[in-house]
1. First measure r as the distance between the Cβ atoms of B:K133 and A:E60, then evaluate 1/(1 + (r/R0)^6) with R0 = 25 Å and state the FRET efficiency to the nearest 0.05.
2. At 37 °C and a viscosity of 0.692 mPa s, what translational diffusion coefficient does Stokes-Einstein give for the protein assembly as shown, taking Rh as the Kirkwood radius over Cα pairs? Give it in µm²/s as a whole number.
3. Give the long-range amide H neighbours of B:F125: residues separated by 5 or more places, or on another chain, with amide H under 5 Å away, using H modelled in the peptide plane at 1.01 Å from N.
4. Translational diffusion coefficient of chain B at 4 °C, 1.567 mPa s, Stokes-Einstein with Kirkwood Rh over Cα pairs, in µm²/s as a whole number.
5. Could you work out the helix-only [θ] at 222 nm for the protein assembly as shown, with each DSSP H run of four or more residues adding -39,500 (n - 2.57) and the total divided by the number of residues, to the nearest 500 deg cm²/dmol?
6. What pairs in B:K52/B:K75; B:K37/B:K123; B:K75/B:K196; B:K75/B:K190; B:K96/B:K422; B:K52/B:K284 have C-alpha atoms more than 27 Å from each other?
7. Report, by chain and number, residues whose modeled amide H sits under 5 Å from the one on B:K284, excluding near sequence neighbours (fewer than 5 apart, same chain).
8. Go through the range B:137-148 residue by residue and turn each phi into a ³J(HN,Hα) via Karplus (6.51, -1.76, 1.60, θ = phi - 60°); whole Hz please, and just put x for glycine and proline.
Amino acid sequence: MVISDETRARIDAEIAKYPRPRGGLLPALHLVQAEHGFVSPELAKELAGIFELKPVDVMEVVSFYNMFFDRPQPRHHAYVCTNLPCALRGARTLLRQLESHLGVHSGEPTPDGRLVLGHEECLGACGYAPMMRVDGVYHEDLDLEQAKRILDSLE
Amino acid sequence: MLKVPHTTGYLSEHFADDAFGTLVGYERRGGYAALRKVLAEVPPADVIETVKASGLQGRGGAGFSTGMKWSFMPKGDEKPKYLVCNADESEPGSFKDRILMERGPHQLLEGILIAAWATGAAKTFIYVRGEYKEPADQVERAVAEAYAKGYLGARVMKRDFRHDVVVQRGAGAYICGEETGLLESLEGKKGQPRKKQPFPAQYGAFGMPTTVNNVETFCHVPHILARGVEWFRSSGTEKSPGNTIFGVSGHVQRPGLFELPLGTRLDEIVFEHAGGPPPGRKVKGVIPGGMSMPILPAHQLDVPMANEFLRERKTMLGTGGVMVMDDRTCMVRAACVISWFFRDESCGQCTQCREGTGWMNKIVERIERGAGEPRDLEILLDVAAKMEGQTICAFSDAAAWPIQGLLRHFRGDFERHVAERKCPFPECFEL
């Protein structure tokens, strides 16, 4: 796994926006993850070289943030917000029903590697609960049937 | 679904107009006129005085005077100065900044540019929480339009005034909404808050003088400069002027956003604007300002939504996220959700917070399971008291306050769990 020339050029463009190069690290991690799906130890090492950091400096940033992954990921991510405003409107029941629909526990990928269903903390959709964030896209005011259809349509 | 507030005011009145999100559509509605006027005729010091006189308070939770904050920035040009727009909206119950970015990104940019003129900032970093893809995309698109039009860059509106805007996307950490946690994250590090002092106005982003303002705060600024202090103060209360956008969630018939004057009564928001609880249900309690703020019981909702009144009831306006719970709700279960969140999101730097959030969660879950002891209530209050005012940032306080509020007003719910050795609220949401 290596960072492509195209991604490298975009990382350099991000770094140029900041007074210190390290300001470009979060943008770079987003770019690398968009290319490879996760930040492997070798990618972290390569990034560390670009930013003149130690690989552990990169990995501690990866591990601090929920949206960065240090291992291979299923093809799709679906997160139900289960914080209080959503819980009050049935989000936890919805998550349990979706778990049984898929036959998995929250946080465990499906055996075919298609999808991981999980929960997430407040996503800023409190007035439109319950909701799911699927591959970065918000689906709001959901009922069980709509939510199942969305998950079933993922390939 | 189009996310437009149910009641609108000067911030959101054009949000139903799709074109308002574009530069052309924004200008058609009078946008960028305030910036043009300011650059032509209002010296920076006068802009700061105007914002001070307007009484605008930050809308990100702390409610500090915006004009005062700007005045803390050092004068002179020895060091580059920065603005940071805190768009890391993550307080459970809050969803207004998202709509302000999605539907009115140029209103935000105009506010930023006026603030930059006032403070002498060379650059603004807009830090948008990573999950807010659509809002960040909208802001980035607006920034590109503003550069193309010459409203950003080397000569803003052909004046001798340079300003650049960088949009950074967060990556999922509640603590990055804390302003110095945000600055660390912006610099490519773990978002662990810094000790104050030095304050950001002396040592902020990349070590330079920095002012951090919330999205909504910036959005008020063009209106204040366009229409004047007197106009701004005609809405809201004497101490808390202007409108704000309340987000109403939970057990109401019409959840969503409502732009209303500060000082609007909480019961009016809950029962009139948001339609009250579902038929046949009664309100049990309402969190008035995002999950960190202590709850109010049903008989205390006759309070104007402004800090000077809410403080008398031991709570705060916070981010204006109004969370309504009806009579099905078990307040111990609510405490489980709240304490789990803070346990999960504690950055781990300070012992009181890292350990305290875990213990509070463990104890309320034990009570909810029916395994609690009478002394657990005192232990909870003791832990909460030890978490207040002891840590680098206010996260620990924010974790303690809601639990203290629940015990202050709903102690009976906790005691029944202990006495009956089970949860006595079968109709509550499942955990």
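Nothing in this text is a laboratory measurement; each read-out follows from the coordinates by a stated rule. All values derive from a computational prediction rather than experimental measurement. Because the Cβ atoms are built from the backbone with ideal geometry, glycine has one as well, and the counts that use them run over all protein chains shown.
1. Working: r = 25 Å, r/R0 = 1.00.
Step by step, r from the Cβ atoms, then E = 0.50.
2. Details: Rh = 24.5 Å.
Here the translational diffusion coefficient equals 134 µm²/s.
3. The answer is B:L83, B:V84, B:C85, B:V166.
4. Working: Rh = 22.3 Å.
Estimated diffusion coefficient is 58 µm²/s.
5. Details: 22 runs with 244 residues, N = 586.
The per-residue figure over the protein assembly as shown is -12500 deg cm²/dmol.
6. Details: B:K52/B:K75 17 Å; B:K37/B:K123 21 Å; B:K75/B:K196 21 Å; B:K75/B:K190 31 Å; B:K96/B:K422 38 Å; B:K52/B:K284 39 Å.
In this structure, B:K75/B:K190; B:K96/B:K422; B:K52/B:K284 exceed 27 Å between Cα atoms.
7. B:M325, B:D326, B:D327
8. Values per residue, Gly and Pro as x: 4, 5, 5, 4, 5, 5, 4, 4, 4, 5, 5, 4 Hz.
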